[in-house]
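Only one structure is covered here, and it is reproduced in the block below.
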Amino acid sequence: MTVRDAARRNAWVLPALAVALVIGVLPVAAGLRGVVEPDAWAELARPVLWRRLGTSLALAAAVLAAAVPLGLLLAWLLVRSDLPGRRALLAASAIPLFLPPLIHALSWFQLLRLRGVPAILLVHVVAYLPLVVLVAARALERVSRAHAETLALLGGRAAVLRDDLRQALPAALVGGGLATVLLLSDFAVADFLTSVGPKVTVYADTLFELHQRGATDAAAVAALPGIAVALA
């Protein structure tokens, strides 16, 4: 790369950072202005907040327990195997990401009449599995064929599979982390699928209820645990 090419490429850095700041940071900072109000911090003492956060994290853990292994396997099949049409299938695997989770909930409910926690888990796995598949597939594409062929000579196809899964696992966990962030922000799926029978209330329900009551300062403070989990 020449000096001119490097300068041209770096010229986009500051505009990109400015756009990210305006779109991603400033709205969040504006929404968190209420944390300066001392009375708002009483929201963190409410057990219901932590109970609902725990419910959301438990759901996220169950979703990841299914989505990460399944996503790794699908990514391997779509990148490493001789599956017919695998490139088209890899592109098609992203389709569920273009549908809101509530649409998945409505569709699966109509198809199987599922309700409750099993239905919530199924919908979130279907909705967010592409995040795991796509990033794991990208990681596998970066592993050279020469490396795989050498491993095949030394340990056979099983050794190649183990090494591929090991190298793709960090990327799959990143996809799972993104899925967790999206899951924490959703309450529509749980509300709809438990509208009849035992109610499941999640972390986002608390934020929505506080905004409905006009308690924006308390909502800002209540958002902090979720932000901490998302950053982690």
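The values are calculated or read from the model by the stated rules, or taken from the named source; none is laboratory data. Everything quoted here is computed from the prediction, not taken from an experiment. Note: ideal-geometry Cβ built from the backbone for every residue, glycine included; neighbour counts use all protein chains shown. Note: areas computed on protein heavy atoms with side chains; ligands, DNA, RNA excluded. Shrake-Rupley method; radii C 1.70, N 1.55, O 1.52, S 1.80 Å.
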Only one of VAL48, VAL63 is open to solvent by less than 40 Å² (accessible area, probe 1.4 Å), farther than 30 Å from LEU169 by Cα, in a helix (DSSP H, G or I) and modelled with pLDDT of 85 or more; which? VAL48
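Quick check on my filter: what residues within segment 32-43 are open to solvent by 50 Å² or more (accessible area, probe 1.4 Å) and either in contact (Cβ under 8 Å) with a residue 12 or more places away in the chain or under 24 Å from ALA190 (Cα atoms) (or both)?
ARG33, GLU37, ASP39, TRP41, ALA42
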Got a sec? Which helices (runs of 4 or more DSSP H) wholly within segment 183-232 have at least 1 residues that are farther than 24 Å from GLU37 by Cβ and open to solvent by less than 50 Å² (accessible area, probe 1.4 Å)? 188-193
Test: residue in segment 181-203 that is of a type in the set (Asp, Glu), more than 29 Å from LEU70 (Cβ to Cβ) and at pLDDT 90 or above: no
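Out of segment 66-93, which residues are assigned to a helix (DSSP H, G or I), under 26 Å from LEU184 (Cβ atoms) and of a type outside the set (Val, Ile, Thr)?
ALA66, ALA67, PRO69, LEU70, GLY71, LEU72, LEU73, LEU74, ALA75
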Looking for something among the basic types (Lys, Arg), at pLDDT 85 or above and open to solvent by 20 Å² or more (accessible area, probe 1.4 Å) - is there at least one such residue anywhere in segment 134-154? yes
